[in-house]
Each structure stands twice: as structure tokens, then as C-alpha cells.
1. Regarding region 207-251, what's the average projected area of the Cα-atom convex hull, expressed in nm²?
2. To the nearest Å, what is the center-to-center distance of region 169-237 and region 514-578, using C-alpha atoms only?
3. Provide the per-residue ³J(HN,Hα) series for region 44-54, in order, calculated from phi with Karplus coefficients 6.51, -1.76, 1.60 and θ = phi - 60°, each as a whole number of Hz, with x at glycine and proline positions.
4. Assuming a viscosity of 1.306 mPa s and a temperature of 10 °C, what translational diffusion coefficient in µm² per second does Stokes-Einstein assign to region 130-285, Rh being the Kirkwood radius over Cα pairs?
5. Summarise the accessible area of region 166-249 (1.4 Å probe, protein heavy atoms) by the percent that is carbon and sulfur.
6. Looking at region 286-358 from every direction and averaging, what is the projected area of its Cα convex hull in nm²?
7. Taking 2.2 N^0.38 Å as the expected size of a compact globular protein, what ratio does the Cα radius of gyration of region 199-355 give against it, to two decimals?
8. If you fit an axis through the alpha-carbon atoms of helix 514-537 and take the longest principal axis of the Cα set of the chain, what angle between them do you get, 0 to 90°, nearest 10?
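The values are calculated or read from the model by the stated rules, or taken from the named source; none is laboratory data. Bear in mind the structure is a predicted one, so any value in this text is a computation, not a measurement. Every residue, glycine as well, gets a Cβ built from its backbone with ideal geometry; the counts of neighbours run over all protein chains shown. These accessible areas exclude ligands, DNA and RNA; they are computed on the full protein's heavy atoms, side chains included. Shrake-Rupley method; radii C 1.70, N 1.55, O 1.52, S 1.80 Å.
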Amino acid sequence: MTIFPLLAVVLPFVAAFAGLLLSRWPHRRLESRPGSEGSAANTRAAWIAVVPTAAAVVLALWLAWAPGFAFLEDATPGPAVGRTYGTIGTGAVPISLTLQADDLSAILGVLVTLVALAVQVYSVGYLHDDPRYPSYSAFISLFTSAMLLVVYAGDLLVLYVGWEVMGLCSYLLIGHWWEDKSNSRAAIKAFLVTRLGDVGFLFGIFVLGGAAGSFRISEVLAKVPEMSTGTLVTATMLLLAGVAGKSAQVPLHTWLPDAMAGPTPISALIHAATMVAAGIFIVARLFPAFQGARPTLDVLAVMAALGMLGAALAALAQDDLKRVLAYSTISQLSYMAGGLAAGSDSAAIFHLLTHGAFKALLFLCAGAVIHHVGSNLMSQMGGLRRALPVTFVTMTIGFAALAGLPPASGFFSKDELLLTMDRALSSGGLTDAAALLLYGCALATVAVTGAYATRAWLRTFFGEARVVALPEPEPGTAHVVDIREAPRTMLVPIVLLSVPAVLLGFAGGLHVELGVAAVSVVLALLGGGVVYAFWRSDPFADPARLLGPLRVPCERAFYVDGVYAALFVRPALALARLVVRTDDVVVDGAVRGSGRSARGLSGLLRLAQNGNVQLYVSGVLAGVLLIVVGAVVFT
């Protein structure tokens, strides 16, 4: 069993390279059956991707079964399972090549592998005719392997390798349809914003490793009580930059909504099991260090408060269904960050698990809807509950879990988080202002979440059908108008994900605080009821009109992107243009000027080398005459 963490990481990694190298082998042209070569390559790529991922699921379940899920039950943690495969000397602090599974990593490993498997199977139908499906499925396998490396790593620098490979994979997958400039720009934006946070993250690792004398996570945490407050605050603040980038938290959250330009299954993978989950996991993994840095927890609480309410309001005004879910992810991750700031890593991880299930479900259902309608815009949807009955039922379950309605899983995990934030008001873990801001924004977000979930549900599945036949889609898109449910390869993952979306909340035990739970349900129903009343009064109008003058600012996410463009993007572009101009005029000008000078000088010398013998004789005589005159004058 000690080799299981390594196998879980290696299997998807091998699948990635096999998919890239072997899916199109052997290269044969079948003249009698046009397109058969691409179809065969896609079929081989699907098997190469799905089978190793399924094997990784089995390994992850076995590792999770051994510790017994003690983390969620606040029981005595089980022993870590794994081994060290060597040590790399650096001349100072060595790097330990350790992979292991404890309670926390075992649980997250199950989430990552199950969602990755669902996405791989779903993508077989969603991108069945995409010519670049083999590379797409291979990059998903690499993405899965990188996230599992983050989860199972026993050394901070080994973890950082997986952390950075995830960034590369997100760039490649978000920009899968790179012919569209908006897709390629979204991929670049995601890459640059997350890299910005990763600079601080790397230096945070160096600070912790230098203070502990080791990068091994167990040894770092053992040395935390001996570290000074200044060291812990510095290290955790730097780590928080990487967390904000990967988990799309304020102020580095702007990349996530634009990342919806990529294929919908990738959105499900990024939002549910990889990338955005990594930041929350890191805080939970190094939670003792964060607990020793109370100023960092206050900063995290403020970030979470602003993120959860601001993103929820932005979701309420979006017309693009995938962007609604994207802002919802930012808001729900802020809930988890708020739970960590309030002092409960188990509550945050519990919500991370339930959120992974119902958000993957919501995105895959959204993909089925988009596949049917041919558009991401809810203004072109409506009345789909009859045409897509399975998608309607499963997406209803997902929205109920998102809104925190019982008995869906989100109800139980959100109750744990709200209870933790409520207790933080009197526990003294946070400053009074930070605790009050966090809890107040959390309660307000419950109502807004119920509102935007109800709005998306109503505009997608109720009212009059607004599906119109669209022109032939551009090459490289999976959006087609259809009159049937999605294919089975898409429906089966959706149906299976609906089960944990309903039942996963019971895994943590029925620890429900009736007072907090009642307030949460009432607020969610109140938000949903207000939206329903506005929709009922005019089913053709957007219920987002209830926002009044705030609608446009919410739709544009409070102009944060515009502010960043004014403060950073446009000055950087102006500086780049200045550098280019300087290089062209000064540097290249100097080179071109030296060339012109050399040519002018050579023109002068050429006058003396024109082949005229009389000129040569005259020159010699003039020289002799000058010598004679000089000799007479100076002697």
C-alpha cells in the first residue's frame, strides 16, 4: 500500500504521454472511409485516458478507506501511508522526494480522481468529433496527475512542481479552441494572473523551509511552535498570494470568469477538483502555520468576506450560464476561506468536497444544456425541462445543493461553515471587526446565492422555449443544436454525480445546529422567493432587474477588470511600446547609423581607388612635394 500514492500520480502521467504519442499510431490514410483515421485516434485516446484514471480512482478509494475518513469526523488521525524515494541535495535544505496519504490528502485524492474520471467520460461525447481530442484528453490526464502530486506530496517543493504543472495545463486546456482570440486571451490571462500569485507562494515556501531547516511538510509543521510570529506572518502572507491566485480569491480572482471560454468539461475540472481546490487545500495542509499567524487570518477573513458577497452579486447579473457558475465558484471558495479564517479546517474541507460534487454536476449539466441549445446565454434558453428531463432533474439537485437547501449536501457543509463563523464572533480567533464582517457577509451571501441559483434555474428550464436554429458552428466548437438529450457518455457522469450531490452531506454526520440551519434556509428561500416573484410577474424579463441601478456594476463585476486595465495593463502596454520604440530608434538606430557611417567613409576611400592612373601619379607627386616642402621648412 505504501506505493499506492506513487501509482495514483504516475498512472495519469503515463496516460498523458501515451495519449500524445500513441493515439494516432499507426499513421494510415484510409481513402475509402474519410474521417475514419481521426475517429480511430479519438477512440484510442479515450481508452488511454479513461482506463488509467479509473485505476487511479480505485487506488485513491483504497487509500481513503485505510485512514477511515477521520478528518471529517474530527477523530484521531490515522497514520500516513507512503514512502520516500530519495533526497536531492541542494547545498542547504535538502528536497525529500516523499509521497504519502494521510486523512486530508486521502479524501482530496478521491475527489480529484472521481471528478477527473467523470470529466474524461463526459468529454468522449462532448468532443467526439473534435480533431484535437487526443491532446485534450492527454492534457486532462496530466492535469489530474499534477493535482494528485499536490495532494500526495510530502515535501513542499515536490508539491510546488505539481502546483506549477497545473498552471501549464490550465493554459493549454482553457485555450483548447485557440483559433478564437477570446479563448487564447483567456488562457494567457489565467496563466499570467496565477503566475503572479505563485511568485509569492514560492518565496513563502522558502521562508518556511528555511525556518524549519526542511521542506518536508511533517517537519515544517513540527517546527511551527518554535518559529517567531514575524516568520509565520511573512511566510503565510506570501503563501496567501499563491492561494488567492490558484483559488481565484480577491484580488486575483479576475481570471476565473474569463476561463469559461474553454470547453465546459474543463470548467468542471478546474472548478470542482483541481486548480481552485488547490489553494484551499494548501491552507488546510499548513493550517497550524496559519493559526500561528493571526494577522494573516484577519486578512484571509476580509478577502473571504469581500469575495463571497461580491462574486454572488456578480453571478446574479450574468446572462452567460457558465459565468454564473464561475462567479458562484469564487463565492463558494470564499466560504471555505472564511471557514479557515474562523478556525475550522475540517468544515472548510467538508464544503470543498460537497462543492466539488455539486459544482462538477452543475457544469456538466450546463454543458448538456449548451450542447442542446447552441449558446451559453440564458436569454436564448427557456422551457428546457421537457426537452431535457434528465438534465433538468440533476441540475435541480445541483442548484439545491448550491443554495444550501436540505437534504442536499451543500446544506450540511454550509451549516458547518456558518456555525464556525458564528463561533468566531466570541472565540477571539479573529479581531472583532473581521469576524463581524465575515459573518455578516456570509449571511447576506446565503440570500444572494438562493437568488442567483433560482434565477438560473428558472431562466434555463421554465418559461417559453427560446431555442432557435443557429447557423453552422465554426470549426472546433462542440455547440450544436439538437432535439434530444445528450448522449449516454454525457448523461451517465451527470446521473452518477447527482448521488454525492445529495448524499455526501451525510458523510460528516448529522451535526446540524438548528438555529443557524434555520436562518440559512430561511435566507436562501427568501432570496429565491424574491427572484421567483419578479420572474412570475414577467417571465420574459430578466429577474436581475431587481438589482436596479446596481445591475450594470454587478454585471461588470464592479469594474475590477477595468481598474486593473487602467492601473496595470495599459501602463504595461505603454511601457512595452516605449521599449520597442527605444529599441528601434536608439539601439537599432545606432546600429543603422554605424552602418551608414561606414558606407560614407568607404565612399570617400573609393575616390582614391577609382583606377585612374593619372590620379595615382598626381597623388604620388603631391606627396613627394609635401615631403620636400616639409623637409625644407623644418630643417
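1. Quarter of the Cα hull surface area: 3.4 nm².
2. 29 Å
3. 4, 4, 5, 5, 4, 7, 6, 5, x, 5, 4
4. Calculated translational D: 100 µm²/s.
5. 67 percent
6. Taking the Cα atoms of region 286-358, their convex hull projects to 4.8 nm² on average.
7. 1.05
8. 70 degrees
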